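The values are calculated or read from the model by the stated rules, or taken from the named source; none is laboratory data. Given the structure is predicted, the values throughout are model-derived calculations rather than measurements. Using ideal geometry, Cβ is built from the backbone for each residue, glycine included, and neighbour counts are taken over all protein chains shown. In case anyone asks, the SASA skips ligands and DNA or RNA and just uses the protein heavy atoms, side chains included. Shrake-Rupley method; radii C 1.70, N 1.55, O 1.52, S 1.80 Å.
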Amino acid sequence: MTRHVDDYFQTVIDFPEVRANEFLQLRDFARLPSATSTTLQVLEVPAEGPILERLLPDAKISRADFLKVRLPEYVDKISVTDWDLNGIDANSFDAVLSIVPIHHASTEQKQAYIDAAFRVLKPGGRLAFAEVEMGSRVQIFLDEFVDRNTVTGHRGEYPGETFCDNFARSGFVDVQSQMLACPWRFESRQMAQDYVPRLFALNPMPADVLHAALDRYLGFNESSGQLWMNWSLRYFCGTKPACLS
């Protein structure tokens, strides 16, 4: 599993443009302040590679993960934590941002993550993340095709719109949720053939089998010389009250 974490992280580093739309939607949905008198402090957990720096060039981004990332250039830059975000100081961040952080967590772990994010945020700070939604094409792709064709398996418990209640239980206000399209961008079918198996640690398979599955589960569109693979996530955002009673 640790090796797959390294392979996953390296794939995101090598192909930052593929999933850039996921992070662009996350930044915009979080409604972060565009200008502040001090540097914006952002925590990304779990870590997803240095994509946020491109979208938040003036922010200081810290990273933590639930497993050790052993890549030499990042081994000392990503701290190891748990669902309670142990080791991360309270009231330290203006935002906690993440992509698909909790669909492998238990019900208790999901709530622990939200509670912990509330703790580490400064008053007025925002928790925003995107997750796969149950019943979506992405969920079916992951739990059917990926689950059958990877040594790590893939079955998740995915939050829906009612997960906003978990935010409220932790104390967040102005909680919002929305399904947003964030298609993956490839330059060619060959690029998709290289990327998808690496990201999901798929077992070797003929290219035509992989492409048939991607067409069936997700589908592609071509525009402006690019190949766009359909991908949508549910985005959540909540604010820690500026004044706590």
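In terms of the Cα gyration tensor, with a ≥ b ≥ c the square roots of its eigenvalues, is the stretch 9-96 rounded because a/c is under 1.5, prolate because a/b exceeds b/c, or oblate?
Note, shape of the stretch 9-96 comes out oblate.
Could you please state how large a percent of the accessible area of the chain is carbon and sulfur, counting protein chains only and using a 1.4 Å probe?
Roughly 50 percent, rounded to a whole number.
Rounded to the nearest 500, what is the 222 nm mean residue ellipticity of the chain from helices alone, with -39500 (n - 2.57) per DSSP H run of 4+ residues and division by all residues?
That calculation yields -9000 deg cm²/dmol at 222 nm.
Run the simple label-point estimate for Ile13 and Val209 please: 7 Å along Cα→C-beta, distance reported in nm.
Distance between label points: 3.1 nm.
Lys and Arg at +1, Asp and Glu at -1: add these up for the other residues within a Cβ distance under 9 Å of Ala130 and post the number.
It works out to a net charge of -1.
What is the sum of charges, Lys and Arg at +1 and Asp and Glu at -1, for the other residues whose Cβ falls under 12 Å from the Cβ of Ile61?
Taking every Cβ under 12 Å from that of Ile61, the sum is 0.
For the stretch 45-135, what class follows from the C-alpha gyration tensor (a ≥ b ≥ c being the square roots of its eigenvalues): rounded when a/c is under 1.5, otherwise prolate if a/b is larger than b/c, else oblate?
rounded
May I ask you to derive the relative contact order of the chain, considering only C-alpha pairs under 8 Å and at least 6 residues apart, and to give it as an integer percent?
23
Averaged over all directions, how much area does the convex hull of the C-alpha atoms of the chain cover when projected, in nm²?
Over every viewing direction, the Cα hull of the chain projects on average to 13.3 nm².
Calculate the spin-label point distance for Ala181 paired with Asn221, positioning each point 7 Å from the Cα along the beta-carbon direction, and give it in nanometres.
Rounded to a tenth, the inter-label distance reads 0.3 nm.
Around Pro241, what is the net charge, scoring Lys/Arg as +1 and Asp/Glu as -1 over all other residues with Cβ under 13 Å from its Cβ?
+2
Hey, can you find the accessible area per residue of the chain for me, probe 1.4 Å, expressed in square angstrom?
Value for the chain: 46 Å² per residue.
Please give the residues of the stretch 39-67, grouped as numeric ranges, whose backbone N is less than 17 Å from a label point set 7 Å along the Cα-to-Cβ vector of Val80.
46-47, 63-67, by backbone N distance to the label point.
Which one, Val69, Val132, Thr107, projects farthest toward the positive side of the charge dipole computed for the stretch 49-206 from Cβ point charges (K/R +1, D/E -1)?
Val69
For the chain, which longest stretch is free of loop sites, where a loop site is one of the trypsin sites (Lys or Arg not before Pro) that DSSP puts outside H, G, I, E and B and that has at most 15 other Cβ atoms within 10 Å?
Formally, the longest exposed-site-free interval is 156-245.
Charges on Cβ only, +1 for Lys and Arg, -1 for Asp and Glu, centred on the Cα centroid of the chain; of Ile88, Leu210, Phe145, which one is farthest towards the dipole's positive end?
The Cα lying farthest towards the positive end belongs to Ile88.
Taking the stretch 64-157, which GluC sites (Glu not before Pro) meet the DSSP loop condition and have no more than 14 other C-beta atoms within 10 Å?
Glu73, Glu157
Please work out the FRET efficiency for the pair Val173 and Asp28, using the Cβ-Cβ distance as r and a Förster radius of 25 Å; give the result to the nearest 0.05.
0.80
Tell me, in nm to one decimal, what length is gained between Ile140 and Ser92 on full extension, where the rule is 0.36 nm per residue of separation less the Cα-Cα distance?
That works out to 13.6 nm of additional length.
In debye to the nearest 20, how big a dipole does the chain give about its Cα centre with +1 on each Lys and Arg Cβ and -1 on each Asp and Glu Cβ?
Charge dipole of the chain: 280 debye, to the nearest 20.
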